[in-house]
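Everything below concerns the one structure shown next.
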Amino acid sequence: MTVLVTGANRGIGLEMVKQMKAQGLDVIGTARKPAEAEELRATGARVEQLDVTDAESLAALAETLKGVKIDMLVNNAGVGGQAPVSFRETDFAATDWTFAVNTLGPMRVTQALIDNLDAGKHKTVIHISSVMGSIERNRGGYYGYRASKAALNMMNKSLAQELGEEGYTCVVMHPGWVQTRMGGPGAAITSEESVKGMLKVFAGLGTKDNGRFYDYQGESIPW
């Protein structure tokens with residue numbers, strides 16, 4: 001089984017590559033600056049350059065991986081966006097960037113690698129989203145980040161409707177509040193705990209799960 005993980009140079013992405021390699025999977029990890037991704041290279045995974053917002057980078061990755069079968073794509077690359085300021089202080093120029101990375105980035109990657117996924121056996125696309133993208137559970141603040149993840153969830157639902165007819169399983173996942181650079185040291189769980197849980201969920205995914213929104217423990221999250 002071959003898996004491609006974006007944003008694999010640190011945090012959740014790096015831990016995911018480590019645990020997948022330990023399970024014996026063939027893993028391709030991407031990073032914006034592969035030369036600086038020493039920990040990623042140390043896992044033994046194949047490392048490729050990718051900036052999810054750059055059309056030339058996406059085209060180059062697609063060309064490099066031409067003919068490579070990919071069974072599972074994990075769109076993990078993302079940004080936290082602006083700090084939790086009030087609406088009056090929200091910087092909507094920064095929000096544009098948050099959407100470019102968190103919402104459009106995963107769609108661009110999926111489109112660029114669709115031939116690879118078509119050739120794969122499992123045809124699974126997983127987007128790392130967040131409970132902060134749940135409209136029902138919105139507690140205010142983080143305007144750009146929340147909206148970017150809610151939009152990603154909607155994009156995935158549309159993708160699931162279309163690609164589900166071709167045997168795909170497309171889901172969005174909340175990894176938990178994780179102790180990473182984005183989540184901060186006071187977060188509830190470690191990246192090891194988050195990834196261990198998510199991999200269990202990944203292993204059980206099938207076409208019945210197409211279009212769903214889960215957390216790292218396999219619990220459904222309301223939209």
Checklist entry - What helices does the chain hold that run 18 Å or longer along their axis, going by alpha-carbon atoms, with a Kyte-Doolittle average of 0.0 or more, using DSSP H for the helix calls? => result 191-204
Checklist entry - Of the beta bridges DSSP finds with both residues in the range 93-223, what % are antiparallel, to the nearest 5? => result 10
Item to check | Pairs of lysine residues in the chain - Cα separation under 15 Å, sequence separation of 8 or more or cross-chain | outcome: 9
Checklist entry - Considering only protein heavy atoms and a 1.4 Å probe, what is the carbon-and-sulfur percentage of the accessible area of the range 1-93? => result 47
Checklist entry - Can you give the % of DSSP beta bridges in the chain that are antiparallel, to the nearest 5? => result 5
Checklist entry - For Asp115 and Ala35 in one chain, what is 0.36 nm times their gap in residues minus the Cα-Cα distance, to one decimal in nm? => result 26.1 nm
Next on the checklist: Which three numbers, in whole Å and largest first, are the semi-axes of the equivalent ellipsoid of the range 1-109 derived from its Cα gyration tensor as √(5λ)?
Outcome noted: 27, 16, 12
Checklist outcome for this item: Taking Lys and Arg as +1 and Asp and Glu as -1, residues besides Thr103 with C-beta under 12 Å from its C-beta add up to +2
Next on the checklist: Report the gain in length on full extension from Glu165 to Val68: 0.36 nm times residue separation, minus Cα-Cα distance, nm rounded to one decimal.
Outcome noted: 32.7 nm
Item to check | Projected label distance in nm at Phe92 and Glu136, using a 7 Å step from Cα toward the beta-carbon | outcome: 3.0
Item to check | Quotient of C-alpha Rg and 2.2 N^0.38 Å, computed over the range 86-223 | outcome: 1.07
Checklist entry - So how strong a dipole does the chain carry about its Cα centre when Lys and Arg Cβ are +1 and Asp and Glu Cβ are -1, to the nearest 20 debye? => result 400
Next on the checklist: Give me a comma-separated list of calculated 3J(HN,Hα) values for the range 35-49, in order, Karplus coefficients 6.51, -1.76, 1.60 applied at θ = phi - 60°, integers in Hz, x for any Gly or Pro.
Outcome noted: 5, 9, 8, 5, 5, 5, 4, 5, 6, x, 6, 6, 10, 10, 7
Checklist outcome for this item: Out of Val85, Val201, Val74, a Gaussian network model of the chain with alpha-carbon springs under 10 Å gives the largest mean-square fluctuation to Val85
Checklist entry - Separation between the Ala22 and Thr190 pseudo-spin-labels, each 7 Å from Cα along Cα→Cβ, expressed in nm? => result 0.9
Checklist entry - Using the heavy atoms of the protein chains alone and a 1.4 angstrom probe, what is the accessible area of the range 1-132 per residue in square angstrom? => result 47
Checklist outcome for this item: The orientation-averaged projected area of the Cα convex hull of the range 59-101, in nm², is 4.4
Next on the checklist: Report D for the range 1-56 in µm² per second (integer): Stokes-Einstein, Kirkwood Rh on Cα pairs, 25 °C, 0.890 mPa s.
Outcome noted: 225
Item to check | Alpha carbon centroid spacing (whole Å) that separates the range 61-120 from the range 196-210 | outcome: 20
Checklist entry - Per the helix-only calculation at 222 nm, which mean residue ellipticity applies to the chain, given -39500 (n - 2.57) for every DSSP H run of n ≥ 4 and division by its residues, nearest 500 deg cm²/dmol? => result -11000 deg cm²/dmol
Item to check | Candidates Gln82, Gln23, Gln49, ranked by Gaussian network fluctuation over the chain, Cα under 10 Å, top entry | outcome: Gln23
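The values are calculated or read from the model by the stated rules, or taken from the named source; none is laboratory data. Note that the structure is a prediction, hence the values are computed from the model and not measured. In this analysis, Cβ positions are derived from the backbone assuming ideal geometry, glycine residues included, and neighbour counts consider all displayed protein chains. For the accessible areas, the whole protein counts, side chains as well, though only heavy atoms, and no ligand, DNA or RNA atoms are used. Shrake-Rupley method; radii C 1.70, N 1.55, O 1.52, S 1.80 Å.
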